[in-house]
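Student: Can you keep this structure in mind? I'll have questions shortly.
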Amino acid sequence: MKIGIVGNGEDKFTELGKLRAKLEIFKIIVSHPNAKIVSGHSRMGGVDIWTEEISKLCGRESDLDVKAPKTESWDGEYGYKARNIDIAISDIVFVIVADKYPEDYRGRKFKECYHCYTNSHVKSGACWTGKKATEFGNQAKWIIINNW
């Protein structure tokens, strides 16, 4: 079994949100003891990097399958799209996203996530990956983290 764990970058979480997200990642990892753990190794940090760190802390480094993009573009040579498709072929993709932007967030803000057309969480490319997983007939589970 392969599980993909994707989500927001670190800047979209408050300190409390980070703790809650890390706890969810830990719970996913320990509840799937025989699974390969797929991460997207985002340069934005956050869920991808925390997944790698927590996997190692749990003694699961050999179970990690890191899908780091080779180029920082959507369609480039093994860019974000190809990387996200590789994650989406996991049996289950867990999408961990923040419910609201932190007050000090300086990036672009959107009223809804334009990947899944909801305002229940902030925009995340991880939603594209989750939706793609369901198109492939795999499971996707959204975990919305309360930032407050």
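Student: Charges only on Cβ, +1 for Lys and Arg, -1 for Asp and Glu: so what's the dipole of the range 15-66 about the Cα centre, in debye to the nearest 20? Write out the running numbers ahead of the final one.
Tutor: Working: 8 positive and 8 negative charges, 27 e Å.
In debye, rounded to 20, the range 15-66 gives about 120.
Student: Among all helices in the chain defined by DSSP H, which have a length of 20 Å or more along the axis from Cα atoms plus a Kyte-Doolittle mean of at least 0.5?
Tutor: Answer set is 15-30.
Student: Could you work out the relative contact order of the chain, using alpha carbon pairs under 8 angstrom and six or more residues apart, expressed as a whole percent?
Tutor: Details: 311 pairs, mean separation 43.7, N = 148.
Relative contact order for the chain comes out at 29 percent.
Student: Pick out, from 118, 96, 41, the residue whose Cα sits farthest towards the positive end of the charge dipole of the range 18-148, with +1 on the Cβ of Lys and Arg and -1 on the Cβ of Asp and Glu.
Tutor: 118
Student: Extension gain residue 61-residue 16, at 0.36 nm per residue separation less the Cα-Cα distance, in nm?
Tutor: Numbers: separation 45, 0.36 × 45 = 16.20 nm, distance 2.61 nm.
So the extension gain works out to 13.6 nm.
Student: Further question: Nearest 20 debye, what's the magnitude of the dipole of the chain about its Cα centre given +1 on Lys and Arg Cβ and -1 on Asp and Glu Cβ?
Tutor: Using only the charged Cβ atoms, the result is roughly 260 debye.
Student: Would you kindly calculate the translational diffusion coefficient of the chain, applying Stokes-Einstein with the Kirkwood radius from alpha carbon pairs, for 4 °C and a viscosity of 1.567 mPa s, and quote it in µm² s⁻¹ without decimals?
Tutor: 86 µm²/s
Bear in mind that the values in this text are calculations on the coordinates, not laboratory data. A quick note: this is a predicted structure, and the numbers were derived from the prediction, not measured. Quick reminder, even Gly has a Cβ in these numbers, built from the backbone with ideal geometry, and neighbours come from all protein chains shown.
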